[in-house]
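Worksheet: one structure, shown below.
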Amino acid sequence: MEKRIILVTGATGAQGGSVAHALLKDGKFAVRCLTRDIASQNAQNLRRAGAELVQGDLDDLDSLLVAMHNCYGVFGVTNFWEHFDKELQQGRNLVDAVHESNIQHFIFSSLPSYNKLSNGELSVPHCDIKAELEDYSKSLGIKATYVHIAFYYENFLTFFPFQKNEDGNFHFGFPQGDTKLSMVAAEDFGPIIANIFEHGEQYIGRVVGVVAEDRSCSEYAETMSEVFGEKVIYDYIPREIYASFGFPGAEELANMFECQRLYIPGRQRDMEESYKLNPKMQNLETWLKRNKEKFSFMEERETVEA
Ligand code: NAP
């Protein structure tokens, strides 16, 4: 029997890449990957691993309809940080294409509405837009599972690298305070999605949270200090101060952490379900040890300052 086809969007990126490679490894579905640039290194790696590549763009509904032809399932992710408010229309195109293509299982990487969580006080477009898209998909009666993925460990390499301060210690900081921050390795996300596709009947109509760690930032800093043999300190930076830093997205991220600090006390239940779906998820310590060489910027900074 021919394998059922799953279209993976964002397959050259963190989430979709993890999903495509997990599906290819399992071998239960045929994997088709959507990309704007078939020639890119990541796209070609996917092709070599056994995926079919299809050129398309979330801005172009027709290209999505072509990409979804004959597909059983679709993994959908939209990228706020490249397109900002355009994410809404791109996500609508994705959902409309899924609807029109009569997809049997859509798994959409969404997030809760932080605006609703904060009773309208805080605006966090990268979450609020995804929540709106989730509502839109539900309103069309699409057979879907919505996954809410926690803060990636990988963010400490990209958005929030440690800074060395005058005290000689490494610091990271944002407005999360003492409230637990749920986290996960983006690379561990794929097997969860593969499992949900495989057991679709149990998950259609559900929201699944993806969480591997749920501890306070000070506790994470202790783990980081142990792994790196260097003191790492978490600093609570109040929302107003963080928002005033002025980099693109500073206010949005300030609001995100503030909302989590005030309204999301913990995600223990999500964590338990995530480990059932992927028992091999890495905790922060394991992930840091496996990825220690990627933090070489810590040594470089020391050399420069020495
Ligand atoms: P990523 O690694 O930056 O990859 C972005 C992917 O999106 C690429 O594969 C790219 O494909 C694809 N893409 C971008 N624009 C496209 C378009 N117009 N048409 C088709 N494909 C397009 O991103 P990611 O981390 O996997 O996902 C980003 C999303 O994750 C964001 O919306 C963010 O809010 C959400 N998120 C992040 C975290 C976190 O902690 N960082 C946690 C939860 C959720 P090509 O370039 O090959 O076309």
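Tabulated results
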{"quantity": "Pairs of Lys in segment 110-209 closer than 26 Å at Cα, counting only those 8 or more apart or on different chains", "calculated": "8"}
{"quantity": "Magnitude of the charge dipole, the chain, Cβ model with Lys/Arg +1 and Asp/Glu -1, debye to 20", "calculated": "1100"}
{"quantity": "Residue among 261, 290, 47 with the largest mean-square fluctuation in a Gaussian network model of the chain, springs linking Cα atoms under 10 Å", "calculated": "290"}
{"quantity": "Inter-label distance, nm, simple model (7 Å from Cα along the C-beta direction), residue 55/residue 235", "calculated": "4.8"}
{"quantity": "Per residue solvent-accessible surface (Å²) - segment 234-298, probe of 1.4 Å", "calculated": "56"}
{"quantity": "Too-long pairs where the Cα-Cα distance tops 20 Å, listed order kept, from 3/280; 25/280; 3/276", "calculated": "3/280; 3/276"}
{"quantity": "Choice from 173, 209, 91 showing the highest fluctuation, given a GNM over the chain with Cα pairs closer than 10 Å", "calculated": "173"}
{"quantity": "By accessible area with a 1.4 Å probe, ligands and nucleic acids excluded, highest first: order of 280, 138", "calculated": "280, 138"}
{"quantity": "Residues of segment 55-139: accessible area per residue with a 1.4 Å probe, Å²", "calculated": "42"}
{"quantity": "Charge-dipole axis of the chain as Lys and Arg at +1 and Asp and Glu at -1 on Cβ define it, positive-most pick from 12, 291, 123", "calculated": "12"}
{"quantity": "Estimated FRET transfer efficiency when R0 is 35 angstrom, pair residue 216-residue 86 (beta carbons, to 0.05)", "calculated": "0.50"}
{"quantity": "Additional length obtainable on full extension of the chain from residue 155 to residue 44, 0.36 nm per residue less Cα span", "calculated": "37.5 nm"}
{"quantity": "Residue 289 - accessible surface, heavy atoms, 1.4 Å probe, Å² rounded to 10", "calculated": "120"}
{"quantity": "Sulfur and carbon atoms: percent of accessible area, the chain [1.4 Å]", "calculated": "48"}
{"quantity": "Cα-based radius of gyration of the chain once divided by 2.2 N^0.38 Å, which approximates compact folds", "calculated": "1.02"}
{"quantity": "222 nm mean residue ellipticity, helices alone, for the chain (DSSP H n ≥ 4; -39,500 (n - 2.57); rounded to 500)", "calculated": "-12500 deg cm²/dmol"}
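The values are calculated or read from the model by the stated rules, or taken from the named source; none is laboratory data. Just so it is clear, the structure is predicted and the values come from calculations on it, not from any experiment. Cβ atoms come from the backbone with ideal geometry, glycine included; neighbour counts cover every protein chain shown. These area figures cover heavy atoms from the full protein model, side chains too; ligands, DNA and RNA do not enter into them. Shrake-Rupley method; radii C 1.70, N 1.55, O 1.52, S 1.80 Å.
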